[in-house]
Amino acid sequence: MKVATWSAPGKVFLFGEHAVVYGKPGIAMAIKPRVFVTVRKSRMAHHAKSPYIDSCFDEMGVRGSVYVNSQLPSSSGLGSSAAVSVATLSAINDEFGKKYRPEEIADMAFAIEKKVQKGRASPTDTTVSTFGGLVFITGTSRRRLPPHHFNLVVGNSLVQHNTAKMVELVAEMKKTNPRICEPVLDAIGEVTLAAMHHMTDAQKLGDLMNMNHALLDVLGVGHPQISRLVLAARAAGAYGAKLTGAGGGGCMIAICPKHLKSRVAGAIESCEARAFSTSIDTEGVRKEKDA
Ligand code: PMV
């Protein structure tokens, strides 16, 4: 029987999370773990129990069954909800012979993220998941950068976070302490711009990640377990490490010399966390061969 299986990559914020919500620049990158979604025409409603998947079927105006196989942990800052939306919309597009272009799929997925997250989302995750590679974001504009290979280790604190809550927390912090928070958001933007000039210098990027992490801590989105993983990664020889995504738990990233990747991953895992090494995925959403 004919079915459509599509996959979409997760992402990490290399620089600029939270600051992008205020129009500052940021850099995000698609990473190897993917979400696989299979859609089949069916008169019966699907049973996904996910507001993202429900919204994909509503948006496309069809009904079908759906099967999701995710290599990405959810609610951890690796963009799993965007990857689910992008892959589901693409699979529906294929299975039901709709003719939406990737740009339209990215826009629809962003509208769904925004609706489910009650108005608070940047188009970063859905853009990166649709097109893959490295993306520079400022306000609503998005530009694909030439791909670079970074030796990255991702550490998952196993503390689930809520992106909308963390974005709200920063908004509150900014309202209460504007003269402290506004320069901090500006400084995060400056860190991103500096990184743009050093994309091939891992050591320099590591220093900039360390600065970005400290600035995010000032905004109140840190978490003790994330700090522990960041310090462990640095002590094991990473060039630099920072939280990635909304914070308050979730994941951190470390940029490392190639030969130290497994040592850094081991140091993170010894802090009751999960770690995996990864690098850029230049491919965005794609059709998988039928099983
Ligand atoms: O939780 P994540 O990985 O989707 O990261 C959210 C990043 C923020 O900048 C805090 C919000 C956004 O929509 O860009």
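General remarks:
- Breaking point among (1) more than 18 Å from residue 277 (Cα to Cα); (2) crowded, with 19+ Cβ neighbours inside 10 Å; (3) more than 13 Å from the ligand (Cβ to nearest atom), for residue 34: (1)
This table checks each residue for (1) without any contact (Cβ under 8 Å) to a residue 12 or more places away in the chain; (2) in contact with a Pro (Cβ under 9 Å, 6 or more places away or on another chain); (3) open to solvent by 70 Å² or more (accessible area, probe 1.4 Å); (4) over 20 Å from residue 122 (Cα atoms).
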site	(1), (2), (3), (4)
156	no, yes, no, yes
161	no, no, no, no
165	no, no, yes, no
173	no, no, no, no
177	yes, no, no, yes
180	no, no, yes, yes
208	no, no, no, yes
225	no, no, no, yes
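- Some residue of the range 59-75 being in a loop (DSSP other than H, G, I, E, B) and either modelled with pLDDT of 95 or more or touching a Cys at 6+ places or on another chain (Cβ under 7 Å) (or both): no
- So residue 65, is it surrounded by fewer than 23 Cβ atoms within 10 Å (Cβ to Cβ), more than 23 Å from the chain's Cα centre (by Cα) and farther than 17 Å from residue 127 by Cβ: yes
Per-residue answers, yes or no, for (1) in contact with a strand residue (DSSP E or B) (Cβ under 9 Å, 6 or more places away or on another chain); (2) of a type in the set (S, T, N, Q); (3) free of Cβ contacts under 8 Å to residues at least 40 places away in the same chain; (4) in the same structural domain as residue 14 (by TED's automatic domain parsing):
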{"residue": "251", "(1), (2), (3), (4)": "yes, no, no, no"}
{"residue": "254", "(1), (2), (3), (4)": "yes, no, no, no"}
{"residue": "257", "(1), (2), (3), (4)": "no, no, no, no"}
{"residue": "263", "(1), (2), (3), (4)": "no, no, yes, no"}
{"residue": "266", "(1), (2), (3), (4)": "yes, no, yes, no"}
{"residue": "270", "(1), (2), (3), (4)": "no, yes, yes, no"}
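- Being more than 21 Å from residue 14 (Cβ to Cβ) and not assigned by TED's automatic domain parsing to the domain that holds residue 229 is a property that residue 137 lacks.
- Complete set of residues in the range 88-107 that are open to solvent by less than 10 Å² (accessible area, probe 1.4 Å) and within 16 Å of the ligand (Cβ to nearest atom): 106
- Sole exception among (1) open to solvent by less than 70 Å² (accessible area, probe 1.4 Å); (2) on the phi < 0 side of the Ramachandran plot; (3) not aromatic (Phe, Trp, Tyr) for residue 258, by number: (1)
- Scanning the range 256-291 for residues that are part of a loop (DSSP other than H, G, I, E, B) and at pLDDT 95 or above returns 256, 257, 270, 271, 272, 273, 281, 282, 283, 284, 285, 288.
- Within the range 233-244, one or more residues are in contact with a strand residue (DSSP E or B) (Cβ under 6 Å, 6 or more places away or on another chain) and open to solvent by 30 Å² or more (accessible area, probe 1.4 Å).
- Scanning the range 1-28 for residues that are outside any strand (DSSP E or B) and more than 9 Å from the ligand (Cβ to nearest atom) yields 1, 2, 3, 22, 23, 24, 25.
- Selection status of residue 107, touching a residue at least 40 places away in the same chain (Cβ under 8 Å) and among the acidic types (Asp, Glu): no
- Residue list for the range 182-199, restricted to those being free of Cβ contacts under 8 Å to residues at least 24 places away in the same chain, assigned to a helix (DSSP H, G or I) and farther than 20 Å from residue 122 by Cα: 183, 194
The values are calculated or read from the model by the stated rules, or taken from the named source; none is laboratory data. This structure is a prediction, so every number in the text was calculated from the model and none was measured. Ideal geometry is used to build each Cβ from the backbone, glycine not excepted, and the neighbour counts take in all protein chains shown. Note: areas computed on protein heavy atoms with side chains; ligands, DNA, RNA excluded. Shrake-Rupley method; radii C 1.70, N 1.55, O 1.52, S 1.80 Å.
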